[in-house]
Structures are given as C-alpha cells and as structure tokens.
Amino acid sequence: RCVGCRLPASHCICALRPVVPSNAGFCLLMGDIEALKPTNTGWLVADVVPDTWAFQWARTAVDPALLALLSDPQWQPQVVFPPEYAEPSRRVATPQMSPGRRPLFVLLDGTWSEARKMFRKSPYLEAWPVLGLSPGHASNYRLRRSAQAHHFCTAEIAAMCLDLAGDAASAEALDAWFGMFSEHYLSARGQGPR
C-alpha cells in the first residue's frame, strides 16, 4: 500500500490530493484498531484539512495532548454526535462559533458501538456542546456495510460540519477526495472501474 493515500500502489491518488485552507479544525478520537483499517475515512479528513489531530481513544487513559488541544483558547470544541444521546442543555443544531475562536469538531471515529462507548465514557467531553446533524440524504459510503442508512462515515460527517461552518470550498474538496478514494479503493478490489 502507498503510505500516503493508503491504497494499493497501482491505484495511488496522492498526486490528486487537495489541501484546502480551512478556519475549522478536527479532533478525531479513534476507536481500537480504526486507524489500521484500510477503509477508515478519518485519514481523508486529515489529508484535506490541515488542522486535524487524531488520538487513540482509551477508556482509562487520556492523552495529555488531547486535553491541551481541547483547552486551547483558539479553538471552540464541539462534539459531533446524535443529539438524543446528550442532555438537552448540551444540544446544538449549528456549529458554535465565537469571535476570535475557531470551530474544533470532535469526531468519534469508529464503529457505531465504539462511538457510543466513546461518547458515554469520556468525561472530558462533557463540557462541550453536542452538534447534531440532519443530512437529509443517505450515506454514500460503500467500503463497509452498515445496517443503518443514516450512519455516515467520518469523512462524510466532516464535510457536513465544514459546510455548516460556512466553509463550502473545504466541504466540496473533502467530498471529492472521499469520492475519489472510494472509487479507487473499490477498483483495487475489482469492484469498479479504475
């Protein structure tokens, strides 16, 4: 596999990778072995949005660098998760953006059961608002199966966040990168044209 795009070398798309300046940042909390899965789309966010950090989630330990990022005054953290799992006082429908602070979207990158566990068992996230998304369309993710059409992959969620934050150019670039990655991944598996 290519170390840049994580696709087989014969299907490398590194030369086509967009990097778009964005006011927003992303903090990916990655479940167990999510970072090792070739179908992980969290890395696509990091490919496109320069201010993206990834941390391995653990129930009993918190990376000090994660806590430092969440407390950095330039950022306004918000956890992106279905709002019905949060207390009503934490629920927001639009990105929280204060003057002088940039939105930092905290994405729980893992299977649905892992994401729910991360949400419930991460007390350091309880101080932040929970941004709920209402996409109005089904997921385009075809690299893994989900029993629920309303479950979106990490790259799709990130693109929606960028769009809601008024960063249409970054949202479009990430959507296009996600589409290209998916197409080439499926092609490498013999499930689509190259």
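The values are calculated or read from the model by the stated rules, or taken from the named source; none is laboratory data. From a predicted model like this one, the values you see are computed outputs, not experimental measurements. Cβ placement follows ideal geometry from the backbone for every residue including glycine, while neighbour counts extend to all protein chains displayed. All accessible areas refer to the heavy atoms of the entire protein, side chains included, with ligands and DNA or RNA removed. Shrake-Rupley method; radii C 1.70, N 1.55, O 1.52, S 1.80 Å.
For the chain, divide the Cα radius of gyration by the Kirkwood radius and give the resulting Rg/Rh value with two decimals.
Ratio of gyration radius to Kirkwood radius: 0.95.
Give the long-range amide H neighbours of residue 52: residues separated by 5 or more places, or on another chain, with amide H under 5 Å away, using H modelled in the peptide plane at 1.01 Å from N.
Amide H neighbours of residue 52, under 5 Å, 5+ apart: 26.
Tell me, what % of the accessible area of the chain is carbon and sulfur with a 1.4 angstrom probe?
Ligands and nucleic acids excluded, carbon and sulfur give 54 percent.
At 27 angstrom or more along the helix axis (alpha-carbon based) and mean Kyte-Doolittle of -1.0 or higher, what helices does the chain contain? Whole DSSP H runs only.
168-188
For segment 54-63, take each phi angle, set θ = phi - 60°, evaluate the Karplus expression 6.51 cos²θ - 1.76 cosθ + 1.60, and give the result in whole Hz per residue in order, putting x for glycine and proline.
Along segment 54-63, the couplings run 10, 10, 6, 7, 9, 5, 9, 9, 10, 5 Hz.
Heavy atoms of the protein only, probe of 1.4 Å, neighbouring chains included. What is the accessible area of residue 154 in Å², nearest 10?
Number for this one is 20 Å².
List the residues whose amide H sits under 5 Å from the amide H of residue 75, counting only those 5 or more places along or on another chain, with H placed 1.01 Å from N in the peptide plane.
Those lying under 5 Å, H to H, from residue 75 are 102.
Say a paramagnetic label sat at a point 7 Å from the Cα of residue 35, along Cα to Cβ; which residues of segment 68-109 have their backbone N under 19 Å from it?
It comes to 68-70, 105-109, nothing else.
When the expected Rg is taken as 2.2 N^0.38 Å, what fraction or multiple of it is the alpha-carbon Rg of segment 1-69?
That works out to 1.25 for segment 1-69.
Taking only the C-alpha atoms, wrap a convex hull around segment 34-106 and report its volume per residue in Å³ as a whole number.
Once divided by residue count, the hull of segment 34-106 is 140 Å³.
If amide hydrogens are placed 1.01 Å from N in the peptide plane, which non-local residues have theirs closer than 5 Å to the one on residue 106?
Result for residue 106 returns 27, 78, 79, 80.
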